[in-house]
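Asker: First the structure, then my questions, so here it is.
The values are calculated or read from the model by the stated rules, or taken from the named source; none is laboratory data. Not measured: the values here are computed from a predicted model. We place every Cβ from the backbone using ideal geometry, glycine too, and count neighbours over all the protein chains shown.
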Ligand SMILES: Nc1ncnc2c1ncn2[C@@H]1O[C@H](COP(=O)(O)OP(=O)(O)OP(=O)(O)O)[C@@H](O)[C@H]1O
Ligand SMILES: [Mg+2]
């Protein structure tokens, strides 16, 4: 037997002697055989045994072989059917070929002719399998190509949106530098100071944007360490506080002093929380509905998790925005946003096996809850 894995052959003939001779020959060739003595019985056996090849007499009492051939081909077109014909059955034999019989052999059965017919049947089966494999790999290729195209398209979109953002940032950097140089010329230190502040802020935005892009372009595996949760939260707060103070936003930090440690990539998680806090600050600055604003940043240990919440009383979001905030490049800030911030935050938190939940109301503010398991989840940390 070859690698086509033909195992079972169904023999159909009303004469027991012929069935027996055929069964012995086929078993000698290494096949398993099952038998039936008429077309009706043959179809029942066919459905039960699912043979790859059927060898059937063309003329039998109570239903002819051609009818059986048609039924079998209808039920499973991949079955190969070899017809056994008597003298004078040539027309029937030719008809059977029309109905896609693999071959026909004449009675009395010659073992060589039988072997040749079976070889053809096996070749057809092997060919069909190859074709199926080929089609499958072709489908895979098409899928990969489509994914690559999507990736290229999003890369193109990203480069476009980054260039656009960069252009705006460079203009505001130029503005700051102009203030510095003209201030120096006029010996106006206020102006110099103002220019320095503007340039410094813009440099900060450029830095954040570049870091975001780097993260997006080159995802690395997490570098986990045991980190004290309170110290970590204080670190994040320290980065954010100066920006908020400058704009008169009250920053209320509530950290659980006994939260213990958690195993995280501190740099990455830091970046994720900063992105969420910066959005909270933006939301407060945009909101004209309140004279002053506050952001509450809290951290507590809850069961096996460290939970951070960032609660602002800024502009808030409607349902539609809420549903889209984690999408790549989704931003409502035009020149001032790339739409990478939450996409990346979500990916980082996902890599840690954690979740981000959001609740928000337009005009009232938003609350982001970030839950991080203290220890890495069992099934690795590729999920994102
Ligand atoms: N606290 C919030 N309050 C109101 N809207 C928010 C808040 N956080 C996020 N959003 C909305 O989600 C959008 C996506 O946020 P994301 O941080 O991904 O991008 P971005 O802030 O616009 O740009 P950047 O890439 O610079 O962060 C924002 O443009 C904003 O519309
Ligand atoms: Mg943002």
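Asker: Report yes if residue 240 is within 16 Å of ligand 2 (Cβ to nearest atom), at pLDDT 95 or above, in contact with a helix residue (DSSP H, G or I) (Cβ under 6 Å, 6 or more places away or on another chain) and under 21 Å from residue 210 (Cα atoms), otherwise no.
Answerer: Working: within 16 Å of ligand 2 (Cβ to nearest atom): yes; at pLDDT 95 or above: no; in contact with a helix residue (DSSP H, G or I) (Cβ under 6 Å, 6 or more places away or on another chain): yes; under 21 Å from residue 210 (Cα atoms): yes.
Considered against the rule, which asks whether it is within 16 Å of ligand 2 (Cβ to nearest atom), at pLDDT 95 or above, in contact with a helix residue (DSSP H, G or I) (Cβ under 6 Å, 6 or more places away or on another chain) and under 21 Å from residue 210 (Cα atoms), residue 240 comes out as no.
Asker: As an exercise: evaluate residue 113 against (1) in contact with a strand residue (DSSP E or B) (Cβ under 6 Å, 6 or more places away or on another chain); (2) touching a residue at least 40 places away in the same chain (Cβ under 8 Å) and give the number of the one condition it does not meet.
Answerer: Checking residue 113 against (1) in contact with a strand residue (DSSP E or B) (Cβ under 6 Å, 6 or more places away or on another chain); (2) touching a residue at least 40 places away in the same chain (Cβ under 8 Å), the one that fails is (2).
Asker: Then there is this: For residue 184, state whether it is surrounded by 13 or more Cβ atoms within 10 Å (Cβ to Cβ) and without any contact (Cβ under 8 Å) to a residue 12 or more places away in the chain.
Answerer: On the way: surrounded by 13 or more Cβ atoms within 10 Å (Cβ to Cβ): yes; without any contact (Cβ under 8 Å) to a residue 12 or more places away in the chain: yes.
Judged against the criteria, residue 184 is a match.
Asker: Take the residues in region 306-323 that are under 27 Å from the mean Cα position of the chain (by Cα) and away from ligand 2 (no atom under 13 Å from the Cβ), then tell me which one is nearest to residue 255 (Cα to Cα).
Answerer: Initially, region 306-323 is screened for residues under 27 Å from the mean Cα position of the chain (by Cα), giving 319-323.
Filter once more, keeping what is away from ligand 2 (no atom under 13 Å from the Cβ): 319-320, 322-323.
On the way: 319: 30, 320: 32, 322: 27, 323: 29 Å.
If we take residues in region 306-323 being under 27 Å from the mean Cα position of the chain (by Cα) and away from ligand 2 (no atom under 13 Å from the Cβ), then 322 is nearest to residue 255 (Cα to Cα).
Asker: If you don't mind, there's one more thing I want to ask. Take the residues in region 213-234 that are modelled with pLDDT under 90, surrounded by 14 or more Cβ atoms within 10 Å (Cβ to Cβ) and part of a helix (DSSP H, G or I), then tell me which one is nearest to the chain's Cα centre (by Cα).
Answerer: Residue satisfying both the conditions and the ranking: 216.
Asker: Please state which one of 289, 246, 260, 303 is closer than 30 Å to residue 224 by Cα and out of contact with any strand residue (DSSP E or B) (no Cβ under 8 Å at 6 or more places or on another chain).
Answerer: 303
Asker: Please go through region 254-301 and give me each residue that is more than 16 Å from ligand 2 (Cβ to nearest atom), within 18 Å of residue 368 (Cβ to Cβ) and surrounded by fewer than 16 Cβ atoms within 10 Å (Cβ to Cβ), ordered by number.
Answerer: 254
Asker: Could you go through region 341-351 and let me know if any residue there is within 13 Å of ligand 2 (Cβ to nearest atom), buried (at least 18 other Cβ atoms within 10 Å of the Cβ), touching a residue at least 60 places away in the same chain (Cβ under 8 Å) and under 13 Å from residue 283 (Cβ atoms).
Answerer: Yes, some residue in region 341-351 is within 13 Å of ligand 2 (Cβ to nearest atom), buried (at least 18 other Cβ atoms within 10 Å of the Cβ), touching a residue at least 60 places away in the same chain (Cβ under 8 Å) and under 13 Å from residue 283 (Cβ atoms).
Asker: Those residues that are over 17 Å from residue 338 (Cβ atoms) and in contact with a helix residue (DSSP H, G or I) (Cβ under 7 Å, 6 or more places away or on another chain), I need them from region 128-177; list them, please.
Answerer: 175, 176, 177
Asker: Next up: Do you know which residues across region 257-271 are in contact with a helix residue (DSSP H, G or I) (Cβ under 7 Å, 6 or more places away or on another chain) and free of Cβ contacts under 8 Å to residues at least 60 places away in the same chain?
Answerer: At the first step, the residues of region 257-271 found to be in contact with a helix residue (DSSP H, G or I) (Cβ under 7 Å, 6 or more places away or on another chain) are 257, 259-262, 266, 268-271.
Scanning region 257-271 gives 257, 259, 266, 270.
Asker: Condition first: within 20 Å of residue 352 (Cα to Cα) and touching a strand residue (DSSP E or B) at 6+ places or on another chain (Cβ under 7 Å). Can you find one or more residues in region 209-222 that meet it?
Answerer: Scanning region 209-222 turns up no residue that is within 20 Å of residue 352 (Cα to Cα) and touching a strand residue (DSSP E or B) at 6+ places or on another chain (Cβ under 7 Å).
Asker: Examine region 128-136 for a residue that is outside the structural domain of residue 66 (by TED's automatic domain parsing) and touching a residue at least 40 places away in the same chain (Cβ under 8 Å), and state whether such a residue exists. Spell out how you get there, then give the answer.
Answerer: Going residue by residue through region 128-136, those that are outside the structural domain of residue 66 (by TED's automatic domain parsing) are 128-136.
Then keep just the ones that are touching a residue at least 40 places away in the same chain (Cβ under 8 Å); that gives 128-129.
Yes, region 128-136 has at least one match.
Asker: Restricting to helices (runs of 4 or more DSSP H) lying wholly in region 1-90: which have 3 or more residues that are in contact (Cβ under 8 Å) with a residue 60 or more places away in the chain?
Answerer: Details: elements: 16-28, 39-49, 65-75.
By residue number, 16-28.
Asker: For residues that are closer than 9 Å to residue 161 by Cβ and within 10 Å of ligand 2 (Cβ to nearest atom), scanning just region 326-339, find the one that is surrounded by the most Cβ atoms within 10 Å (Cβ to Cβ). First the steps, then the outcome.
Answerer: Residues of region 326-339 closer than 9 Å to residue 161 by Cβ: 329, 331, 338-339.
Remaining after also requiring within 10 Å of ligand 2 (Cβ to nearest atom): 331, 338-339.
Numbers: 331: 19, 338: 25, 339: 20.
Filtering first and then ranking leaves 338.
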